[in-house]
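One structure below.
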Amino acid sequence: MTNSASPTTPKSNYWRANLSITFKILIIWFVVSFGCGIIFKEELDQFSIGGAPLGFWMAQQGSIIGFVILLIIYSFLMNKLDQKHGYAEEGE
């Protein structure tokens, strides 16, 4: 039995890139939803949007808008990755 590293295959490269994208998106989601809405609430409340404190706004509407933007970015990046590795659906 040898201890050499297993050769990288196109499929493993695809999944490594897939997990990397997913992990980065989750980190951004965490920072936007928990960071802006909970952790940095006091600092953000110094500003206001439409009469509501920014910390409250980020916890309510801001995190939802951020989530939708992240979904669009994730979809774009995954379509690009699928095309690069030959897994794109027909019609794209």
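A short reminder: the numbers here are calculations on the coordinates, not readings from a lab. Everything quoted here is computed from the prediction, not taken from an experiment. Reconstructed Cβ throughout: ideal geometry from the backbone, glycine too, with neighbour counts over all protein chains shown.
Miscellaneous remarks
- If a spin label sat at a point 7 angstrom from the Cα of Gln46 along the line to its beta carbon, the backbone N atoms of the range 55-89 nearer than 15 Å would be those of 55.
- Counted charge near Pro53, where neighbours are those whose Cβ lies closer than 10 Å (Asp, Glu -1; Lys, Arg +1): -1
- Evaluated with a Cβ-only charge set (Lys, Arg +1; Asp, Glu -1), the chain carries a dipole of roughly 320 debye about its Cα centre, given to the nearest 20.
- At most 11 other Cβ within 10 Å, DSSP loop - chymotrypsin sites (Phe, Trp or Tyr not before Pro), the range 1-70: Phe47
- Anisotropy class of the chain from Cα gyration tensor, a/c 1.5 cut: oblate
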